[in-house]
Amino acid sequence: MSSMTSGGAMPVSRPLRARRSNLAVPGSSPKMLDKARGLPADQVFMDIEDAVAPLAKPEARRNIVAALNEGGYDGKVRAVRVNDWTTQWTYADVVEVVGGAGANLDCIMLPKVQTADQIVALDLLLTQLEKSHGLEIGRIGIEAQIENAMGLTNVDAIAAASPRVETIIFGPADFMASINMKSLVVGEQPPGYDVGDAYHYILMRILMAARAYDKQAIDGPYLQIKDVEGYKRVAGRSAALGFDGKWVLHPGQVEAANEVYSPRQDDYDHAELILDAYEYYTSAAGGAKGAVMLGDEMIDEASRKMAVVIAAKGRAAGMARTQTFTPPEG
Ligand code: GLV
Ligand code: MG
């Protein structure tokens, strides 16, 4: 069944958005919603889930609608985390936020996703709301948090469940609880596990699903908010694997995330040089070659693919190149 006949979102072209730093803001705090406007985070997500007490959820929805409509988040991805489908709140969260501020919202974040059906249900609800409020059909994206064993087991189907899905996010705190991991410190290794990284499998599993379906892979929170070195250490691991960004819970973590998930300037320059050199040498003017030398390095089609990734991350992060490729004379 096509997405059109099923009533889900038609594929719209989705922009590649930088999401190095994903700032969590409790929807219950107008002050923090306001402060987020001035912080250099790539994404702001306004929470109605676990950072908001049950009694404060209705007010959080209203605060979020007001903040989104007031604006001031220019250049940032604007997301709202609703409650998960096992609660009594999800439907009203989505209806109120999209109905009240759908034109000023980029994505709905769905926590504790366990099955592809839960994505399909959100997709259908969003399509209905877009139709009834005169919004562009399919523009609002979905960010899927993987926070338990069932979600990880189904992560491939979750990533493929709707063209709206933009990110697959690791939720380490809920995940550790869900699998009975013997640790209370999110991101740190559980005591007794001394033979590697206890999170490697989970991170890789999420990354594979994200890459297979062309989604972004996002790492979750680091709760020791004063320990910026600790943040960088943990972020550095998922960044090294290929993750696109990580949550930030505190202004002090924003710069760290932007740094860790951006290419280094050298790597960015190098990637742009490879792309230019490869384009030149594979053209008729450059001799229509396949494998060519750039300085002391041999580059080929696979080098170009790696360079495309680094260059795209650098461009999305607004980096400027500091070197240019000059074709050889004659
Ligand atoms: C985030 O939601 C987490 O549970 O880590
Ligand atoms: Mg969670």
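The values are calculated or read from the model by the stated rules, or taken from the named source; none is laboratory data. Here the structure is a predicted model, which means the values were calculated and not measured. Positions of Cβ are generated from backbone atoms using ideal geometry, with glycine treated the same way; all protein chains shown enter the neighbour counts. Quick note on the areas: whole protein, heavy atoms, side chains included, nothing else; ligands and nucleic acids left out. Shrake-Rupley method; radii C 1.70, N 1.55, O 1.52, S 1.80 Å.
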Pairs of Lys in the chain closer than 19 Å at Cα, counting only those 8 or more apart or on different chains: 19
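Determine one quarter of the surface area of the Cα convex hull of the chain, which equals its mean projected area, and express it in nm² to one decimal. Walk me through the numbers before you get to the answer.
Working: hull surface 79.0 nm².
Approximately 19.7 nm², given one-decimal rounding.
Compute, for the chain, the length of the dipole vector about the Cα centre, with Cβ point charges of +1 (Lys, Arg) and -1 (Asp, Glu) only. Units Debye, rounded to 20. Mind dumping the intermediate values first?
Details: 33 positive and 42 negative charges, 111 e Å.
So the magnitude is around 540 debye.
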Mind putting a number on the dipole of the stretch 67-137 about its Cα centre? Charges go on the C-beta only, +1 for Lys and Arg and -1 for Asp and Glu, and I need it in Debye to the nearest 20. 120 debye
Å² of accessible area per residue within the stretch 119-248, as computed with a 1.4 Å probe and no ligands counted: 42 Å²
One point scatterer per Cα, no solvent, Debye formula: log10 I(q)/I(0) for the stretch 265-316 at q = 0.17, 0.20 Å⁻¹ comes out as -0.46, -0.62
In whole angstrom, note down how far apart the Cα centers of the stretch 135-178 and the stretch 8-78 are. 17 Å
Amide H contacts under 5 Å for V248, placed H, 5+ residues apart: N22, L23, A24
Quick check on packing: order 94-101, 43-50, 129-136 by the mean number of other C-beta atoms within 10 Å, highest mean leading. 43-50, 94-101, 129-136
With all protein chains present, the stretch 265-316 has a carbon and sulfur share of its accessible area (1.4 Å probe) in percent of 58 percent
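Find the accessible area per residue for the stretch 279-330; the probe is 1.4 Å, ligands and nucleic acids are left out, and the unit is Å².
Details: 3550 Å² over 52 residues.
On a per-residue basis, 68 Å².
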Among A149, A312, A302, which one shows the biggest mean-square fluctuation in a GNM of the chain, springs joining Cα atoms closer than 10 Å? A302
Surrounding charge for A53, neighbours by C-beta under 12 angstrom, Lys/Arg +1, Asp/Glu -1, total -3
Tell me the accessible surface of R78 in square angstrom (1.4 angstrom probe, heavy atoms of protein chains only), to the nearest ten. 50 Å²
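How large is the dipole of the stretch 126-217 about the Cα centre if only Lys and Arg carry +1 and Asp and Glu carry -1, each at its Cβ, rounded to the nearest 20 debye? Numbers along the way, then the final one.
On the way: 7 positive and 11 negative charges, 44 e Å.
Once rounded to the nearest 20, the dipole reads 220 debye.
Report, for the chain, the % of DSSP beta bridges that are antiparallel, rounded to 5.
Details: 3 of 33 bridges.
Looking only at bridges with both residues in the chain, the antiparallel portion is about 10 percent.
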